[in-house]
Amino acid sequence: MSAPVFLASFDVEDWFHAENVRAALPTSDWNALEGRVERATHELLDILGEAGARSTFFVLGWVARRYPALVRRIVDEGHELASHTDLHRQLRLLPRAEVIEELVRSRESLEHVGGTRVLGVRAPNFAISDEVLDCMAEAGYWYDSSFFALRAHGRYGRLTGDIDADRAVVEVRPGLLELPMSRLRVARVALPWSGGAYFRLIPYEVFRRGVALRLARR
C-alpha cells in the first residue's frame with residue numbers, strides 16, 4: 001500500500017488581479033502597477049527547493065508573458081506548470097467565445113514560455129459551470145481543479161452532475177478529469193481546507209492538524 005500524498009498547488013497571480021480590489025484600482029493598466037508576484041513566487045520556490053518538494057503552479061498567461069524567467073524557473077526546478085486562465089476573469093460570467101479565448105491564450109502563452117505541455121487548469125475564484133467544463137475540454141485540457149463544494153461563497157461555481165467532492169479524481173467529461181478542492185469533514189460539517197484565503201485565515205497549527213487528518217483518511 002502506497003503512503004498518502006499531499007498534493008500542493010499554488011495560484012500565481014498578482015495582488016491587482018484579485019476580484020475584491022479590481023473596482024478600486026486607479027487604473028486598468030496592470031503594467032503601471034507595482035508587481036509583487038515575481039518576488040513572492042521566487043521566495044516560494046526557494047522554500048520548496050529547501051524542502052525537496054514539487055508542486056503544481058497554476059499561472060496566469062499574463063504573468064507568463066510579463067515574467068518569462070519566473071515561469072522557466074518553475075519548469076526547470078521540476079514543478080508542474082498549469083493554467084490559471086489568461087487575465088483572471090470569472091469564466092462562468094463570460095460568453096462562450098471569451099471563455100475559450102481565456103483558456104487557449106493562457107495555455108499557448110505558458111507552453112511557449114515554459115517549453116512544456118500544459119495539461120491542467122484552475123478557474124479564478126473557482127467560478128466554473130457546466131459550460132465552462134465543456135470549454136475546458138474543447139480547449140484541450142486534461143484536468144481541471146476548480147470544483148469547490150461549498151455553497152457559502154457566491155463566486156464559486158456550481159455543477160449539475162453528481163460529483164463526490166471527497167474523491168481525489170472524478171471524470172466529469174470524456175477526457176477531462178476534475179480534482180476537487182480539499183475539504184475537511186468534522187462530524188457532519190465539511191470545512192474548506194484549501195485555497196489561499198483559508199490558509200491565511202486558519203491558524204497554522206490548526207491547518208497542519210487538518211492536513212494530518214486528511215492524510216490519515218484513506
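Any read-out appearing in this document is the output of simple, stated calculations on the displayed coordinates, not a laboratory observation. Quantities reported herein were computed from a predicted structural model and do not represent experimental measurements. Note that each Cβ is placed from the backbone with ideal geometry, even for glycine, and that neighbours are counted across all protein chains shown.
3J(HN,Hα) couplings calculated from phi for the stretch 200-214 with the Karplus curve 6.51 cos²θ - 1.76 cosθ + 1.60 (θ = phi - 60°) are, in sequence order, 6, 7, 7, x, 4, 5, 5, 4, 4, 5, x, 4, 4, 5, 5 Hz; Gly and Pro show x. Ordering THR85, THR116 by the number of other Cβ atoms within 10 Å of each residue's own Cβ, fewest first, gives THR116, THR85. Couplings for the stretch 47-60, taken from phi via the Karplus curve 6.51 cos²θ - 1.76 cosθ + 1.60 with θ = phi - 60°, read 5, 5, x, 5, 7, x, 9, 10, 9, 10, 10, 8, 10, 5 Hz in order; Gly and Pro are left as x. Close amide H contacts of LEU184 (hydrogens built in the peptide plane, cut-off under 5 Å, sequence separation of 5 or more or a different chain): LEU191, TRP193. DSSP bridge analysis restricted to the stretch 9-181 gives an antiparallel fraction near 20%, rounded to the nearest 5.
Computed over the chain, the per-residue total of -39500 (n - 2.57) for DSSP H runs of n ≥ 4 gives a 222 nm mean residue ellipticity of -11000 deg cm²/dmol, rounded to 500. Neighbour counting of Cβ atoms within 10 Å sorts the residues HIS42, HIS84, fewest neighbours leading, into HIS42, HIS84.
Sparse packing (at most 13 other Cβ atoms within 10 Å of the Cβ) combined with a DSSP loop state is found for the following trypsin sites (Lys or Arg not before Pro) in the stretch 1-88: ARG36, ARG54. Here the residues TRP142, TRP62, TRP193, TRP15, ranked from fewest to most Cβ neighbours within 10 Å of their Cβ, fall in the order TRP15, TRP142, TRP193, TRP62.
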